[in-house]
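Asker: Once you've had a glance at the structure underneath, I'll fire off some questions.
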Amino acid sequence: MWAFKYEPDNMNYYIAGEDLKLILKAAINNVPNMMLFGLHGIGKGTFVNIFLKENKFECLKLNASQRNSVDDIRDTVNNAAKALAMSKYKIIYMNECDLMSPEAQETCLQLIEDVHKITRFIFVGNHLNRMIPELQSRCTIIEFPSNPPVKEIYNFCQKILSQEHVKYEPEILKAVIKKYYPDIRKTINAIEFSTVDGVLEKTNFFNTTEVIKNIYKAILDRDLDVIRNVLRSNKISYNELYTYLFDNLPSVSTSPGDVIIEIAEHSYRDYFCANKEINFIGMLMKLYKGIL
């Protein structure tokens, strides 16, 4: 996949504003315990890979959404953190750390201090407010802004298309970037899957807005059969769907504040739930009870 094939391996090609680049370069040199936070697809994982390569550190990478209990910390993380490494430091890389339980986070506190001579921790997630203050205070917190430089994204995509010998119209490339901004990874995936026989085409990636508009119309018509058929017949970005509803539904309701509260609540639940369709339909049932 192009997103991995063309992942930058040094800071010269890394997409970020100059202020953030200076902070990240300092982190590479100083090697603190870190918390990296920001939206999906804007370079947190890529930076960690550059950090590890530049320093040649050994690393244990864990998905904290799956290994998030006190026992996981006591067993897997504790043993790995205390083991000697061949490199100057061993890195414990906790991805999706904002899904760790507060108890698991508390278990890390003393461990970070006990192993500071041989081990560094990197916590990566999307929501800093889900991390306990005591753990935050033991780390350098780096927030990744939600506005990476559009020109750099465009130039990077141009480079990929050139190396893959893909013909493209600048307006189509700009439309893809605009649609998926600021998610750089989604943008690269989109240009890859929209490339047909060596040409960047307007594919069904460009039809998402039309699909969401159809869902919106069906919501206003209270036609659940149409809504469910559209949801099941299309690849839906529920994040885009909730955003569209947030921008439009309050204006057609006599109680816009209540609409916003329900959208916010179910958008948050969407991040955790197993069946996104049920969560979405559940929201509509609440909205129909006197709000819409």
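Asker: Give LYS21, LYS61, LYS117 a once-over and let me know the one that is in contact with a strand residue (DSSP E or B) (Cβ under 6 Å, 6 or more places away or on another chain) and charged (D, E, K, R).
Answerer: Residue meeting the stated conditions: LYS61.
Asker: Let me ask another. Residue by residue through segment 16-29, note down the ones that are surrounded by fewer than 19 Cβ atoms within 10 Å (Cβ to Cβ) and in contact (Cβ under 8 Å) with a residue 60 or more places away in the chain.
Answerer: Residues satisfying the conditions are GLY17, ILE23, ALA27.
Asker: Since ILE42 meets every condition but one in (1) under 30 Å from LYS174 (Cα atoms); (2) out of contact with any Phe, Trp or Tyr (no Cβ under 6 Å at 6 or more places or on another chain); (3) not charged (D, E, K, R), which condition does it not meet?
Answerer: Single failed check for ILE42: (2).
Asker: Determine whether segment 35-44 contains at least one residue that is surrounded by 14 or more Cβ atoms within 10 Å (Cβ to Cβ), assigned by TED's automatic domain parsing to the domain that holds LEU135, in contact with an Asp or Glu (Cβ under 9 Å, 6 or more places away or on another chain) and basic (Lys, Arg).
Answerer: No: zero hits.
Asker: Among ILE278, ILE263, ILE227, which is crowded, with 16+ Cβ neighbours inside 10 Å, closer than 29 Å to HIS127 by Cα and either at pLDDT 90 or above or in contact with a strand residue (DSSP E or B) (Cβ under 6 Å, 6 or more places away or on another chain) (or both)?
Answerer: Within the list ILE278, ILE263, ILE227, the selection yields ILE263.
Asker: Among all residue pairs at least 6 apart or on different chains, which show Cβ distances below 6 Å where the first residue, located in segment 35-64, is farther than 15 Å from ARG120 by Cα and the second is polar (S, T, N, Q) and outside any helix (DSSP H, G or I)?
Answerer: Close Cβ pairs satisfying both conditions: LEU39/SER146; ASN63/ASN95.
Asker: Among the listed residues ARG232, ARG269, which satisfies the condition of being in contact (Cβ under 8 Å) with a residue 24 or more places away in the chain, farther than 22 Å from ASN147 by Cβ and not hydrophobic (A, V, I, L, M, F, W, C)?
Answerer: ARG232
Asker: While we're here: Of the residues in segment 86-132, how many are assigned to a loop (DSSP other than H, G, I, E, B) and of a type in the set (Gly, Ala, Ser)?
Answerer: 2
Asker: If you check ILE73 against the conditions, is it in contact with a Phe, Trp or Tyr (Cβ under 6 Å, 6 or more places away or on another chain) and within 23 Å of ASN129 (Cα to Cα)?
Answerer: The answer is no for ILE73.
Asker: Sticking with this structure for a sec: Could you count how many residues in segment 38-58 are part of a loop (DSSP other than H, G, I, E, B) and either closer than 17 Å to ALA81 by Cβ or out of contact with any strand residue (DSSP E or B) (no Cβ under 8 Å at 6 or more places or on another chain) (or both)?
Answerer: Summing the residues that are part of a loop (DSSP other than H, G, I, E, B) and either closer than 17 Å to ALA81 by Cβ or out of contact with any strand residue (DSSP E or B) (no Cβ under 8 Å at 6 or more places or on another chain) (or both) in segment 38-58 gives 7.
Asker: The conditions are (1) in contact with a Ser or Thr (Cβ under 6 Å, 6 or more places away or on another chain); (2) surrounded by fewer than 21 Cβ atoms within 10 Å (Cβ to Cβ), and ALA81 fails exactly one of them. Which is it?
Answerer: Every condition holds for ALA81 apart from (2).
Asker: Would you mind finding the one in ALA85, ALA80 that is within 27 Å of the chain's Cα centre (by Cα) and not aromatic (Phe, Trp, Tyr)?
Answerer: ALA80
Asker: In segment 154-209, which residue that is of a type in the set (D, E, K, R) and not in a helix (DSSP H, G or I) is surrounded by the most Cβ atoms within 10 Å (Cβ to Cβ)?
Answerer: ASP183
The values are calculated or read from the model by the stated rules, or taken from the named source; none is laboratory data. Just so it is clear, the structure is predicted and the values come from calculations on it, not from any experiment. For neighbour counting, all protein chains shown are included, and Cβ atoms are generated from backbone atoms with ideal geometry for every residue, glycine included.
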